[in-house]
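J.: Pasting a structure below so you can have a look.
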Amino acid sequence: MTTIDPAASDANFEELQRDPFFEVVTDLIGDCLGDAFDDPAGGEVDRWTLSALPATNHAADRHRLFTLAVGPAEVLHVERFLEDGDIVDYRVVLHLSASAMTEASGYALDRFTMRYPLLRFTPSTLDTDVVVVDWFVSDDGADDQFFDLPLAAAIRSLADGLAAAGRGPYAQQHNRAFAAHVLNRASDDA
């Protein structure tokens, strides 16, 4: 008998749905998939995977809500921070193509830090052209700065490169119910 990875289980998806940030997370993932692929539904599992409450970097005071992977790499996740069992903050982490960001904006990468002081830009270990952008929801105005980035171009460029690398190793963590929910919501919003 095959054991289902908890991140792929209906139980984890149901628990994730109870999180107050769930609808925001669903929209964020849907937007990311829409920017990354012309037909997100057609690439499910083969080009991208989505987990619900994975055990990745799990600690008593920090839980990852989900991980979106494209091909062989994790590209988006949100962490929930707890204090005495209560949610105190969320951290959004997204990998982007640095060259696509600079080309679309006309700014050198070092200018992004000055222009968007509430966001952190860190070189990724994935590739020299990948930058990790992260921010905390509690930082007032950080979401506005984040959505002011040239996300569509930077997400598409990164996804094209990663998807060309082939199917990633995350199929057994893929949560089909969560993916269906994201895809249905994205198609309703279109």
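J.: Estimate the FRET efficiency between VAL137 and ALA171 by the formula 1/(1 + (r/R0)^6), using the beta-carbon distance for r and 25 Å for R0, to the nearest 0.05. It would help to have the intermediate numbers written out before the result.
T.: On the way: r = 30 Å, r/R0 = 1.20.
The computed FRET efficiency comes out at 0.25.
J.: Now a separate question. Please list the equivalent ellipsoid semi-axes of the stretch 124-190, computed as the square roots of five times the alpha-carbon gyration tensor eigenvalues, in descending order and whole angstrom. Walk me through the intermediate numbers first.
T.: Working: eigenvalues 108, 85, 36 Å².
Equivalent ellipsoid semi-axes, largest first: 23, 21, 13 Å.
J.: Please work out the C-alpha center-to-center distance from the stretch 146-190 to the stretch 100-132 and express it in whole Å.
T.: Measuring centre to centre over Cα atoms gives 20 Å.
J.: Here is a follow-up. Running a GNM on the chain with Cα contacts under 10 Å, which residue among HIS63, HIS174, HIS77 ends up with the highest mean-square fluctuation?
T.: With Cα springs under 10 Å in the chain, the top fluctuation among HIS63, HIS174, HIS77 is at HIS63.
J.: Run the quick spin-label model on ASP39 and ARG62: label points 7 Å from Cα toward the beta carbon, then report their separation in nm to one decimal.
T.: Placing both labels 7 Å beyond Cα along the Cβ direction yields 3.9 nm.
J.: Let me ask you something else. Please report, to one decimal in angstroms, the Kirkwood hydrodynamic radius of the stretch 70-166 built from all distinct Cα-Cα pairs.
T.: Working: mean 1/r = 0.0712 Å⁻¹.
Result for the stretch 70-166 stands at 14.1 Å.
J.: Counting only heavy atoms of protein chains, what accessible area per residue, in Å², does the chain have with a probe of 1.4 Å?
T.: Working: 9540 Å² over 190 residues.
For the chain, the per-residue accessible area is 50 Å².
J.: On to the next question. Under 1.5 on a/c is rounded, so check that first for the chain, then, if it is not, pick prolate when a/b is larger than b/c and oblate when it is not; a ≥ b ≥ c are the square roots of the alpha carbon gyration tensor eigenvalues. Before the final figure, lay out each step's value.
T.: Values: a/c = 1.69, a/b = 1.21, b/c = 1.39.
It comes out oblate by the Cα gyration axes.
J.: While we're on this one: Among 85-97, 13-25, how do they line up from the highest to the lowest mean number of other beta-carbon atoms within 10 Å?
T.: Details: 85-97: 17.5, 13-25: 15.7.
Answer by packing, highest mean first, reads 85-97, 13-25.
J.: On full extension of the chain, what length is gained from ASP148 through ASP84, given 0.36 nm per residue of separation minus the C-alpha to C-alpha distance?
T.: 19.6 nm
J.: Taking a label point 7 Å from the Cα of GLU14 along the Cα→Cβ vector, which residues of the stretch 26-52 have an amide N closer than 17 Å to it?
T.: Output list for this probe position: 52.
J.: Plugging the Kirkwood radius over Cα pairs into Stokes-Einstein for the stretch 11-73, at a temperature of 10 °C and a viscosity of 1.306 mPa s, what D comes out in µm²/s? Write down the numbers at each step before the final one.
T.: Numbers: Rh = 12.7 Å.
Roughly 125 µm²/s, to the nearest whole number.
The values are calculated or read from the model by the stated rules, or taken from the named source; none is laboratory data. Note that the structure is predicted; figures quoted are calculated from it, not measured. No Cβ is skipped: glycine too gets one built from the backbone with ideal geometry, and neighbour counts run over all protein chains shown. Accessible surface areas use protein heavy atoms only, side chains included; no ligands, DNA or RNA. Shrake-Rupley method; radii C 1.70, N 1.55, O 1.52, S 1.80 Å.
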